[in-house]
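Asker: Below is the structure I would like to discuss, written out as structure tokens.
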Amino acid sequence: MPRLKFGAFLAPHHPIGEHPMLQFRRDLALVRHLDDLGYDEFWCGEHHSSGWEMIASPEMFLAAAAEQTRRIKLATGVVSLPYHHPFNVAQRIVQLDYMTGGRVIFGTGPGALASDAHTFGIDPMVLRDRQDEALGVIRRLFRGERVTMKTDWFNMQDAALQLLPLQEDMPLAVASQISPSGMTLAGKHGIGIISIGSLSEAGLSALPTQWSFAEAAAAKHGQTVDRANWRVLLNWHIAETREKAAEQARKGLMRHHNEYITGTLQRPGARPFKDPDEAVEKTAFSKGSVATIGTPDDLVERIKSVLATSGGFGCVVGFVHDWANPEDTMRSWDMVARYVVPEINGYVTKLRESREFVATNREYFDRAKDAVMSKILDNDAAAEALKVTNSPMLAASSSNVPDLDEARRRLAARSA
């Protein structure tokens, strides 16, 4: 199985009350932490209302993150294209590509919050068509074309970029939820996808059908789509035990659901939790729950299950939230990097095989012990020292250490 990439998706979803400056700084600290831990991608969103999601410009945030990281890919997750003139978006993304040293993934969407569209005075019914239109223009600009176009929402006259992207083939992706529009757009343009709807049971079960939409659209437009460029979003909080993970996440999870999902967004079908225990139970441990609150082994099992259900994808992206306090949240991402990533990608498989071979094939190594013993017995000084050697731990790192009690018996027998 191809190795899976791992990433993080910062919407962000932060409870109201903390100093925004400090929250921005802590988000940047998380990116640094993920970079140090070897994560492959970091995604940052764009929102303009709701209070809980206060990053208005993912490009600005990612430019700051680029100065504090070395290798992690930095993705707009996503730029809401209907809110912007496409020429300005193209210029900002190209500049960001240079400022990050070619680490940009350009993710786009139609806009997730109806309140954002309302703020801009845009009819939600036109958002997806505008995303498609803007994306097509931006791709032409990235190729160096000069574009003249007049539409009902933007005009361009002999428009061409002064700079083309630093990356010869910048990775592009579109956001997909439950409707087929995101997948269809990805297939039409032959680009990547980030499935955001997978945070729900319905979204997870729909993944195979969703992928078929992308394949069908790609075939229709003479394009191809690659599962390696498909990202699937999952929710988790990880600790040493399930009980510890649940205790760390319970209050923050309840607040996130009650204050934001049901109280602010008023998502259809969502009901407030009565208490933190119900929040954990219904989110992670009841029938139909899709979040993982537990151990690294629990997350490994979940990821393998989603891979099997979907038919395979290229990157699993963890949703960044404040269920736990900052210290336990950082620890959760640390444990995923230390234990889940190597288990999924087979980094420790050969280490286990090597240990098992050494532990179960001792007959191959006894001759080496005999060689050590022979040299000891052939040297009078070494043989004399053996009489007072008490601990077999003197050479604990060596597999050639002889049985010292047996060696003394052999030495006594030879001296008799």
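Asker: What is the packing order of peptides 252-264, 119-131, 18-30, taking the mean over residues of other C-beta atoms within 10 Å and listing the highest first? Working shown, then result.
Answerer: Values: 252-264: 18.5, 119-131: 15.2, 18-30: 13.6.
Ranking, from highest mean packing down: 252-264, 119-131, 18-30.
Asker: In whole percent, and with a 1.4 Å probe on the protein chains, what portion of the accessible area of the stretch 13-127 is carbon and sulfur?
Answerer: Numbers: 2640 of 4470 Å².
The value for the stretch 13-127 is 59 percent carbon and sulfur by accessible area.
Asker: Considering only DSSP beta bridges where both residues belong to the chain, give the percentage that are antiparallel (nearest 5). Can you show the working numbers first?
Answerer: Numbers: 3 of 38 bridges.
Rounded to the nearest five, the antiparallel share is 10 percent.
Asker: Can you tell me what share of the DSSP beta bridges in the stretch 14-150 is antiparallel? A percent to the nearest 5 is fine. Each step should come with its number before you reach the end.
Answerer: Numbers: 0 of 9 bridges.
So the antiparallel bridges amount to about 0 percent of the total.
Asker: Would you work out if the stretch 105-230 is rounded, prolate or oblate? Take a ≥ b ≥ c from the square roots of the eigenvalues of the alpha-carbon gyration tensor; rounded if a/c is under 1.5, else prolate when a/b is larger than b/c, oblate otherwise.
Answerer: Working: a/c = 2.03, a/b = 1.29, b/c = 1.58.
In terms of gyration-tensor shape, oblate.
Asker: Pull out a ≥ b ≥ c, the square roots of the eigenvalues of the alpha-carbon gyration tensor of the stretch 302-352, then state rounded if a/c is under 1.5, prolate if not and a/b is larger than b/c, and oblate in the remaining case. Please list the in-between numbers first.
Answerer: Details: a/c = 3.19, a/b = 1.33, b/c = 2.40.
Oblate is the answer for the stretch 302-352, as a/c is 1.5 or above yet b/c matches or exceeds a/b.
Asker: Right, another one. With respect to the cross-link table entries Lys251/Lys274; Lys5/Lys282; Lys5/Lys304; Lys244/Lys350; Lys251/Lys304; Lys244/Lys282, which display a Cα-Cα separation exceeding 19 Å? Don't skip to the end; give the middle numbers.
Answerer: Details: Lys251/Lys274 11 Å; Lys5/Lys282 28 Å; Lys5/Lys304 13 Å; Lys244/Lys350 31 Å; Lys251/Lys304 28 Å; Lys244/Lys282 17 Å.
Where the Cα-Cα span goes over 19 Å, the pairs concerned are Lys5/Lys282; Lys244/Lys350; Lys251/Lys304.
Asker: If you don't mind, another one. Any idea of the accessible area per residue across the chain, 1.4 Å probe, to the nearest Å²? Provide the component values of the computation, followed by the final result.
Answerer: Values: 20620 Å² over 416 residues.
On a per-residue basis, the chain sits at 50 Å².
Asker: Distance between the C-alpha centers of the stretch 200-217 and the stretch 57-81? Whole Å please.
Answerer: Measuring centre to centre over Cα atoms gives 27 Å.
Asker: Whenever you get a sec, compute what percent of the accessible area on the stretch 325-377 sits on carbon and sulfur atoms (1.4 Å probe). Spell out each step's value before the answer.
Answerer: Numbers: 1910 of 3400 Å².
So the carbon and sulfur contribution to the accessible surface is 56 percent.
Asker: Express in whole angstrom the spacing between the alpha-carbon centres of the stretch 102-162 and the stretch 306-344.
Answerer: 32 Å
Asker: Here's another thing I want to ask about it. If R0 is 41 Å, what FRET efficiency do you get for Ala385 and Asn345 from their C-beta distance, rounded to 0.05? Show your work: numbers first, answer last.
Answerer: Numbers: r = 48 Å, r/R0 = 1.17.
Approximately 0.30, to the nearest 0.05.
Asker: Please work out whether the stretch 153-193 counts as rounded, prolate or oblate from its C-alpha gyration tensor, where a ≥ b ≥ c are the square roots of the eigenvalues and a/c under 1.5 means rounded, while otherwise a/b larger than b/c means prolate and anything else oblate?
Answerer: Values: a/c = 3.37, a/b = 1.54, b/c = 2.19.
Verdict is oblate for the stretch 153-193.
Asker: Still on this structure: Between Phe285 and Glu356, how many nm apart are label points set 7 Å from Cα along the C-beta direction?
Answerer: With each label placed 7 Å out from Cα toward Cβ, I get 3.3 nm.
The values are calculated or read from the model by the stated rules, or taken from the named source; none is laboratory data. As the structure is a prediction and not an experimental result, all values here were calculated from the model. Cβ atoms come from the backbone with ideal geometry, glycine included; neighbour counts cover every protein chain shown. Ligands, DNA and RNA are excluded from the accessible area calculation, which covers all protein heavy atoms including side chains. Shrake-Rupley method; radii C 1.70, N 1.55, O 1.52, S 1.80 Å.
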